[in-house]
Amino acid sequence: ITTTDPRFLADLTQQILADPLPKHIISVSAFKKPHLHQILNLAHQYRLCKIKKQPLNHILEGKVMAMMFYEASTRTTSSFSVAMQLLGGIVQKCDPDTSSLVKGETLSDTVNVMASYADVMVIRHQEKGAIQKAIVNTHTPVISAGDGTGEHPTQALLDVFTIREEIGTVNSLTITMVGDLKNGRTVHSLAKLLTLYRVRELRYVSVPSLSMPPEIKNFVKSRGIKQEEYTSLESALPDTDVLYMTRVQKERFSSEEEYIKTRSAFEVTPKLMTKAKKKMIVMHPLPRVCEISPDFDTDPRAAYFRQTEYGMFVRMALLTLVLGHSL
Ligand code: CP
């Protein structure tokens, strides 16, 4: 990257040599704290370049990123694509509707084929664990863009980056996750990743049928982080530093009736937010349906659209590090 302090680049190079990132980015469980330092500090440099309108070197020139999205996406697909192109790389999309998937080609075969064209592959799939299974014989690095109700590791990275950029630290915060905690892969990854920090408490607000899965709670417990479950947002809100709203995931329900019963259980409104701290942020991985009133969008605490931009810087950093380009 251009115009960056040479000492920053030298330090980062040392950190990469000491703690290289996992080859594939599938679950946040593979991350150690030094990995987060590398990714988030580099993402911050990319953000500064944008703020100062400094040009970027095309350090990924000649590199190819293949994108295979078997589920709908706006932010993840767009931010990965823009990130790669801003750094001079090439993006090749393999769209399931027009690819040989419609002729019955398996995910594993498609991965092996695309690997022969690409230096990195970004894959989203509707089935939990499907990406992990499909890449067992793949040498090309793979980044998961979300696997069903499983994980969304790059979303968790950008969520932690958002907290750092907006509040300055992740330590000592009370972070409250709200909504569909059962099916929402973003909260699964985020809860796990936050255990690398000294957060004060994680709070989970949901209706009983959509509570945080035991496997995630057990993981968080094993790392010694305090957790509390609520069914009332009003009760969890007053000393919350980060309110992380999520959509009830209609596509994961077998019955429309069950979805309709739960989709509007919690809503952020200007009135509700009079009970929250003046200095806190509201996040959402988006898309939202009815869990944050648009009337709240102009409140300075509404961080969710800034969060989408932070995602681009994090994906620029991740692609730089995964492609192992010499800094
Ligand atoms: N947050 C997120 O994953 O958004 P998309 O589904 O639009 O990519």
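The values are calculated or read from the model by the stated rules, or taken from the named source; none is laboratory data. Computed from a prediction, not measured in an experiment: that's the story for all the values here. Virtual Cβ from ideal backbone geometry, glycine too; neighbours counted across all protein chains shown. In case anyone asks, the SASA skips ligands and DNA or RNA and just uses the protein heavy atoms, side chains included. Shrake-Rupley method; radii C 1.70, N 1.55, O 1.52, S 1.80 Å.
Here the Karplus relation 6.51 cos²θ - 1.76 cosθ + 1.60, evaluated at θ = phi - 60°, turns the backbone of the range 20-30 into coupling constants of x, 5, x, 4, 9, 10, 10, 9, 5, 4, 7 Hz, with x for every Gly and Pro.
Residue by residue, the range 256-272 carries 3J(HN,Hα) couplings of 4, 4, 5, 4, 4, 5, 10, 5, 10, 5, 9, 9, 7, 10, x, 5, 4 Hz when phi is fed to the Karplus relation 6.51 cos²θ - 1.76 cosθ + 1.60 (θ = phi - 60°); x denotes Gly or Pro. Once backbone amide H atoms are built at 1.01 Å from N, VAL205 has MET177, VAL178, GLY179, TYR230 as its partners under 5 Å, excluding neighbours fewer than 5 places away on the same chain. What shape does the range 3-68 have by the C-alpha gyration tensor, where a ≥ b ≥ c are the square roots of the eigenvalues, rounded means a/c under 1.5, and otherwise prolate means a/b greater than b/c and oblate the rest? Judged from the Cα gyration tensor, the range 3-68 comes out oblate (a/c at least 1.5, b/c at or above a/b). For the pair ASP297 and ARG7, a Förster radius of 41 Å applied to the C-beta separation gives a FRET efficiency near 0.55, rounded to the nearest 0.05.
Between GLU256 and ARG288, the contour length at 0.36 nm per residue exceeds the Cα-Cα span by 9.7 nm. A cut-off of 5 Å between modelled amide H atoms, ignoring neighbours fewer than 5 places along the same chain, links GLY146 with HIS125.
Amide H contacts under 5 Å for GLN92: MET65, ALA66, MET67, restricted to partners 5 or more places along the chain or on a different chain, H placed in the peptide plane at 1.01 Å from N. When the square roots of the Cα gyration tensor eigenvalues are ordered a ≥ b ≥ c, the ratio a/c for the chain is 1.5 or more and a/b does not exceed b/c, which makes its shape oblate. Here the dipole of the chain is about 820 debye; that uses its Cα centre as origin and unit charges on the Cβ of Lys and Arg (positive) and Asp and Glu (negative). Rounded, prolate or oblate for the range 146-277? Axes are the square roots of the Cα gyration tensor eigenvalues, ordered a ≥ b ≥ c, and the cut-off for rounded is a/c under 1.5. Oblate is the answer for the range 146-277, as a/c is 1.5 or above yet b/c matches or exceeds a/b. Probing with 1.4 Å while keeping every protein chain in the model, the per residue accessible area of the chain equals 44 Å². Projecting the Cα atoms of VAL207, GLY150, LEU56 onto the charge dipole of the chain (Cβ charges, centred on the Cα centre) puts LEU56 farthest toward the positive pole.
Membrane-span-like helices in the chain (whole DSSP H runs, Cα extent of at least 20 Å along the helix axis, mean Kyte-Doolittle hydropathy of at least -1.0): 33-51, 153-167, 304-322. Among the protein heavy atoms of the chain, carbon and sulfur supply 51% of the accessible surface, probe 1.4 Å, non-protein parts ignored. Between PRO238, HIS284, SER108, the Cα set farthest toward the positive side of the dipole of the chain (charges on each charged residue's Cβ, about the Cα centre) is that of PRO238. For LYS275, the aspartates and glutamates whose Cα falls under 15 Å of its own Cα, not counting residues fewer than eight places away in the same chain, are GLU234, ASP239, ASP241, GLU267, ASP299.
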